[in-house]
Structures are given as C-alpha cells and as structure tokens.
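Scroll down for the structure; my scribbles are underneath it.
The values are calculated or read from the model by the stated rules, or taken from the named source; none is laboratory data. Given the structure is predicted, the values throughout are model-derived calculations rather than measurements. Positions of Cβ are backbone-derived with ideal geometry, glycine not excepted, and every protein chain shown enters the neighbour counts.
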Amino acid sequence: MRVPGDKSISHRALMLGGLASGSTRISGLFEGQDILSTASAIRAFGANIRKNGEDWIVEGVGNGCLLEPEGVLDFGNAGTSMRLVMGLAGVYDMETRFTGDASLLKRPMGRILDPLRQMGVQAQAEGGDRLPIRLHGPRTANPISYRVPVASAQVKSAVLLAGLNTPGITTVIEPVATRDHTENMLKRFGAPIDITLDKQGARHISIDGQCPLKGQEITVPGDPSSAAFPIVAALITHGSDITIENILMNPARTGLIATLQEMGAVIDIENLRSQGGENVADLRVRSSDLKGVTVPAERAPSMIDEYPVLAVAASFAEGETLMQGIEELRVKESDRLAAVANALEVNGVDCTQGRDYLSVRGHPGGKGLGAMTKDARVATHLDHRIAMSFLVFGLAAEHGSLVDDASMISTSFTGFMKLMADLGANMETAA
C-alpha cells in the first residue's frame, strides 16, 4: 500500500515554486484540502498552478514579486499552511488578510506574529492574536536574529520564509532541532542557507535575503504522519502483515517508528534510499505484542503529530507508557493532549494527563475497551488526527469505537477510509 505524499514537503514545494523564476514540476503532491488551500493562496499572489496528469506545474512570479491578494485568504483548517504563508507574504509592502474555519479561529497565532512584528510587520488581530488577522509589511523589512522560544518548525519556517524578501541576513536560532524540510527545500531552490551549531548545540540557520530562486523538479515521498495510522492499526490487529511503500525517513520525522520499535513493534525498514535530497524507505509492519516505555521529552519534535495514535498503541501495550514534554499538543487543531486523554477515558483506558505529559496504562488484547454504549463517542473537536486515531483504536478494542465526526479527515488524509477498508478494516457511519 501507499499513503498520500508528505504534507510538509507538499506545502513548501508549492510555496517556493510560486516564488521561483520559471517552472516547478511536483510529482506525488498530497491533494488534501490543506494543500489545496496552500495552492489557492499562492495563486492569489500571482503564481500559475495547474495539474498536468499526475503532476502539478507551478509557474512562479520570482522572489520579491508577490502580488497583493484581492480578497481574504481562507485557509480552512490548514494551520501549517497559514502560518508559513504569513511569513512568506507578511513582510511585503502590501495588505494580506487571513481567516480560517471554526477550529483555526480559536488557535493562537502570537508565536508567528511576534517575530514578524520585529521585522516591521503591522499586524491587526482579534483578542489573543487570533484570526481574523490583517498583515501589512514595511517598505523594507528588518533582518533579525530570532531565538525560537519553543521547538516549532512552523515558527522557524515562517521566519526563514520572511527572510526571503528581507535584505541582509535573517537568522533563526533553534535550541531544539525540529523537522528541517524548509531548509532542505530552500537549498533545492537555490537560496543561500548557512547552518551552524553553537557550543550549546543550538542550530543557527541563516538566510541571505532577496536571492533568486529557480524552479525545480520535486518528487514528494509518502507522509510518515499519515503512515502512522495504518502502522499502528497493523501492530494492534492480530494477524496483520502490511508493507507501506515509499515513506519519508527524514530523521526529524521518525520518532514514532523508533518509539514503537522500543515497545517491541516488528517494523522492518526495507529498500532505504535517497530521493530528491530526502531518505525514503518501504516499511513492513506485522502485528506485535507491545510493552510500555517512557518516551523522552527530547523526542517530541520528531513525532509531535503522532502522539494521539501512539496513545492508541499504548492502550493495547503491556504496562505503562509515559509521554513527556508534549505541551505543544495543547495548541494544535484542538487541545490534543486533553482530547486524547478524554477519548481514552471514554473508551475505558486508564490514563493520567498533566500540563506536559500523558501516561497510559495498557490493556493487552483490548478486552473491556471501546464504546460500551452508543453515547460513548469520542469528541474529535474538528481534529482529523483525533478522529483517525480513535477509528484505528476500534480495530482492536473489544467493543469497537465511535467518533462524533469524521468529515474533517479529508483535510489531512484523502482516501483514509477507503485505504483502511482495502486493508480489511470495517469503518462505517453510525446512526
């Protein structure tokens, strides 16, 4: 089987393709609603984006040449896309307006707006720096040296993208390394990027602004965050044996695989190879007897989106699994830490949550777990990862599982229900 193309790489390929001179051809682009929101925004800035067979073609406007959008940019549920575009366009001497769906309207944007304001951007937002937001860049943006206060690839990427239209050198200091797709993609398109480590081990990522970018041929590998769901489904469902082809194996994205292997998961990494500057591989996954582990806080940046489905795996493991340093989950599409803990409790799993941790005591075999009544529905809070995680939960729980809404899954994982059905899962709409 295969999963959709990696969302992180898909977002960045469209954005930098829209900024580059000439044509960019992207194969394997993820075509979910989040990515289509990115494509719509980049079109609004003047780029031409079209589908040609299985590939996507982007005719860029050239770095520094974005046009002012005529209307409000509505990103729906695409938080990553919107934050990166705020950096990309916010420093231009023009007005750009941002909004989103009910879930995105509740999410704080201050961590993106703070460095942009330091660069001279005027930002008008609702209380607590929430959407809708109106940005107007200065005549000439200020290059800054910005130390990110929390480990966040989104903040790092927004500042680096803002640095593309800023004279001089913009530097992001990253005490804890996060996924490096932005740096890799900027290098691919020809941006002058310099990365060094200081004595404390912090990464200093510098970009020399107002540089020309050149269109590229990009192949997008399979998304490891999407692969997480069939991986865990296979591990907890007796008799499973699946191979997921062409998965991105960037070291900043493989924390879940490492953790599951520590728990005893049989996951074989096959045909490891390089593709477009990123490592990819095929993963063979077989049902396994899992044991609880302690997941260290320093691993969180490499698997921050996978904790909900890891909690599902932990629910069927022997012993306790302790996940530390995960306060970032509280500012995702929902308060994911609270949402996961509540969903586990609804399904009979013994767990404890704190400000920055979650502890799960597992039930090997799943006996007694699941939706005992029709009222035992998981509240997804419009969060696609909560929905998918607890549909997977039902595959091994004695009483199955119920989620209150699955409609938002298409924003993140187009074809999830069909893919799981093709693997033998019984997922259907309940009355």
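A few comments on the model shown:
- Residue match in segment 6-22 (condition: without any contact (Cβ under 8 Å) to a residue 60 or more places away in the chain, of a type outside the set (Gly, Ala, Ser) and surrounded by 20 or more Cβ atoms within 10 Å (Cβ to Cβ)): yes
- Members of segment 397-420 that are hydroxyl-bearing (Ser, Thr, Tyr) and touching a residue at least 60 places away in the same chain (Cβ under 8 Å): Ser410, Thr411, Ser412, Thr414
- Residue in segment 149-160 that is without any contact (Cβ under 8 Å) to a residue 40 or more places away in the chain and over 17 Å from Leu88 (Cα atoms) present: yes
- Arg43 at pLDDT 95 or above, of a type in the set (Lys, Arg) and part of a helix (DSSP H, G or I): yes
- Residue within segment 215-229 that is over 30 Å from Leu290 (Cα atoms) and hydrophobic (A, V, I, L, M, F, W, C) present: yes
- Residues of segment 380-391 that are more than 17 Å from Ala341 (Cβ to Cβ) and surrounded by fewer than 23 Cβ atoms within 10 Å (Cβ to Cβ): Leu382 alone.
- Test result for Pro115, under 28 Å from Pro301 (Cβ atoms), at pLDDT 95 or above and outside the structural domain of Glu328 (by TED's automatic domain parsing): yes
- Among residues of segment 240-254 that are in contact (Cβ under 8 Å) with a residue 40 or more places away in the chain, those with a Cβ under 6 angstrom from a residue that is in a helix (DSSP H, G or I) and buried (at least 18 other Cβ atoms within 10 Å of the Cβ), sequence gap 6+ or separate chain, pair up as Ser240/Ala234; Ile242/Ala234; Ile244/Ala227; Ile247/Pro224; Ile247/Ala227; Leu248/Pro224; Ala252/Ser302; Arg253/Pro224.
- Conditions (1) buried (at least 18 other Cβ atoms within 10 Å of the Cβ); (2) in contact with a Lys or Arg (Cβ under 7 Å, 6 or more places away or on another chain); (3) not small (Gly, Ala, Ser); (4) not in a helix (DSSP H, G or I): number failed by Leu135: (2)
- Residues located in segment 96-108, provided they are of a type outside the set (A, V, I, L, M, F, W, C), in contact with a Gly (Cβ under 9 Å, 6 or more places away or on another chain) and either surrounded by fewer than 17 Cβ atoms within 10 Å (Cβ to Cβ) or closer than 15 Å to Val72 by Cβ (or both): Thr96, Arg97, Gly100, Asp101, Pro108
- Single match in Leu329, Leu344, Leu358 (criterion: in contact with a helix residue (DSSP H, G or I) (Cβ under 9 Å, 6 or more places away or on another chain) and under 26 Å from Asp129 (Cα atoms)): Leu329
The rows are residues; the columns are (1) surrounded by 18 or more Cβ atoms within 10 Å (Cβ to Cβ); (2) at positive phi.
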site: Leu310; (1), (2): yes, no
site: Glu320; (1), (2): no, no
site: Gln324; (1), (2): no, no
site: Leu329; (1), (2): yes, no
site: Cys351; (1), (2): yes, no
site: Val360; (1), (2): yes, no
site: Gly365; (1), (2): no, yes
site: Val378; (1), (2): yes, no
site: Phe393; (1), (2): yes, no
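- Yes/no for Asn63 being in a loop (DSSP other than H, G, I, E, B), modelled with pLDDT of 95 or more and surrounded by 14 or more Cβ atoms within 10 Å (Cβ to Cβ): yes
- Residue list for segment 313-346, restricted to those being closer than 27 Å to Val148 by Cβ and charged (D, E, K, R): Glu327, Glu328, Arg330, Lys332, Glu333, Asp335, Arg336
- Residue match in segment 109-122 (condition: under 30 Å from Phe413 (Cβ atoms), surrounded by 16 or more Cβ atoms within 10 Å (Cβ to Cβ) and touching a residue at least 60 places away in the same chain (Cβ under 8 Å)): no
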